[in-house]
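Notes follow the structure.
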Amino acid sequence: MEREQRDEVRRRKIIHIDMDCFYAAIEQRDNPAIRGQPVAVGGAGRRGVLCTASYEAREFGCRSAMPGFKALELCPQLIIVPVRFEVYRSVASQIRAIFGRFTEQIEPLSLDEAYLDVSHWETSPGAIAREVRMQIFEETGLTASAGIGPNKLLAKIASDWRKPNGQYEVTPEGVAEFMHDMPVAKLWGVGKKMQEKLHALGIYTCADMQKWDKFVLAQRFGKWGAELYDVCRGVDHREVSSSRTRKSISKETTFSENVSRVQDLLPEMAEMVEEVKKSVEKKYSDRGVKSMVIKLKFDDFSQTTIERVATAPDFKLGKELLIEGWKRGGQKSVRLLGVGVKLADEGDDSQMELGV
């Protein structure tokens, strides 16, 4: 069985396409006056947050999810332009159409990146990736980077290796060498807290982790520890999934002024609950809801998320979650409130009936 899996993986040809600073690149393309300048897309005020930043802006330390005022402190000459999602979605549709010329197995991760399974081609995946990138540039004026590998994990990591406007291929024979000196921070799912835990054990690279027994990793980190045993060796059996089911619906609002009293959040939350409820009833009434979620971001930019089993978005439950989250955050002032639901899995009748 293991040999069959290895043979299957060796036959796979996966490409991860990642557009270079997608939103900012579109703005620079459409406005020649800001080409070559540090550009960010998002809000410029003290309440605004950047969606993305051009490479010129990143040289100053500007990045996505950074408050606009902070980005301007780092780069006073930064040009911040408002978001134009309709334009970005339109360009993303163009790019998706280009993908479709090469394969039907396309798994979008967002507007600006996707996996392509081109295993059915006799042509080398590297050549296909170059052709995809060339067609994207010719038809949209935008550049893309690509990672190529025998699985999604390797392709995703490799797409960062030659950014911007480049590509890198990991062959089946080169997996062990590619992963050996890989920092664990590059692995999917290894955030700052996990890095700290691994570093405390002397694990800095995949080679360090490969010395650990699978059972011991599972004991220390649970199921994720067992997965790390495979991931640090470049093993990933996930297939490219062309049908991605929506998992949740949510609404968020960032307040113009921080809200210090939890009761003052209730009117806004009530409106958001109704908006989410209408979305569920209009588009997903056949699936149902399995839980309700409240998200809070505080004045120090820390945040918390509270989730509870539910069959529909409900104001009373939302109020309970809101108060719980506010207390959990130390009763600090709130700058962002989010309300959402997680949808029941398609075809899961028991979840729809029981709400669990």
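Rule-based calculations on the coordinates, nothing more; no lab input. These numbers come from a predicted model, not from an experiment. Backbone-built Cβ (ideal geometry, glycine too); neighbour counts: all protein chains shown.
Structure data summary
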| item | result |
| --- | --- |
| In nm, spacing of pseudo-spin labels at Lys193 and Glu139 (7 Å Cα→C-beta vector) | 4.3 |
| The chain: relative contact order as a whole-number percent, Cα under 8 Å and 6+ apart | 14 |
| Charge tally in the Cβ shell below 10 Å around Gln105, where Lys, Arg are +1 and Asp, Glu are -1, Gln105 excluded | -4 |
| Highest to lowest packing among 47-53, 318-324, 236-242, scored as the average C-beta count within 10 Å | 47-53, 318-324, 236-242 |
| Along principal axes, Cα extents of the stretch 248-354, largest first, whole Å | 42, 23, 21 |
| Fluctuation leader among Pro172, Pro267, Pro125 - the chain, Gaussian network, Cα springs under 10 angstrom | Pro267 |
| For Thr205, distant residues with modelled amide H under 5 Å away | Val184 |
| Partnerless cysteines, meaning none of the other Cys C-beta atoms lie under 4.7 Å away, in the chain | Cys21, Cys51, Cys62, Cys75 |
| Förster radius 51 Å - calculated FRET efficiency between Gln37 and Arg246, Cβ distance, rounded to 0.05 | 0.90 |
| DSSP bridge pairs, the chain: antiparallel proportion in percent, nearest 5 | 90 |
| Cα-based Kirkwood hydrodynamic radius, the chain, one decimal, Å | 23.0 |
| Solvent-free Debye scattering, log10 I(q)/I(0), computed from the Cα coordinates of the stretch 22-85 at q = 0.12 Å⁻¹ | -0.22 |
| For peptides 73-79, 196-202, sequence by mean Cβ density within 10 Å, most packed first | 73-79, 196-202 |
| Computed Kirkwood radius, in angstrom, where 1/r is averaged over Cα pairs of the stretch 181-231 | 10.6 |
| Ser256/Glu320 FRET efficiency (R0 45 Å; Cβ-Cβ; nearest 0.05) | 0.95 |
| Mean projected area (nm²) of the alpha-carbon convex hull when the stretch 167-270 is viewed from all directions | 11.9 |
| Spatially proximal lysines relative to Lys283 (Cα-Cα < 24 Å; intrachain offsets below 8 disregarded) | Lys247, Lys251, Lys295, Lys316, Lys342 |
| Label-point gap, in nm, between Arg162 and Val216 - each point 7 angstrom along Cα→Cβ | 3.8 |
| Linear extension gain, Thr305 paired with Asp264, 0.36 nm per residue minus alpha-carbon span | 12.9 nm |
| Ordering of 13-20, 89-96, 107-114 by packing [mean C-beta count within 10 Å, highest first] | 13-20, 107-114, 89-96 |
| Lys pairs under 20 Å by Cα in the stretch 62-207, provided they are eight or more residues apart or on distinct chains | 6 |
| Value of [θ]222 nm, deg cm²/dmol, for the chain, DSSP H segments ≥ 4, -39500 (n - 2.57) each, nearest 500 | -11500 deg cm²/dmol |
| Potential lengthening between Glu122 and Leu201 on full extension [0.36 nm per residue; Cα-Cα distance subtracted] | 24.0 nm |
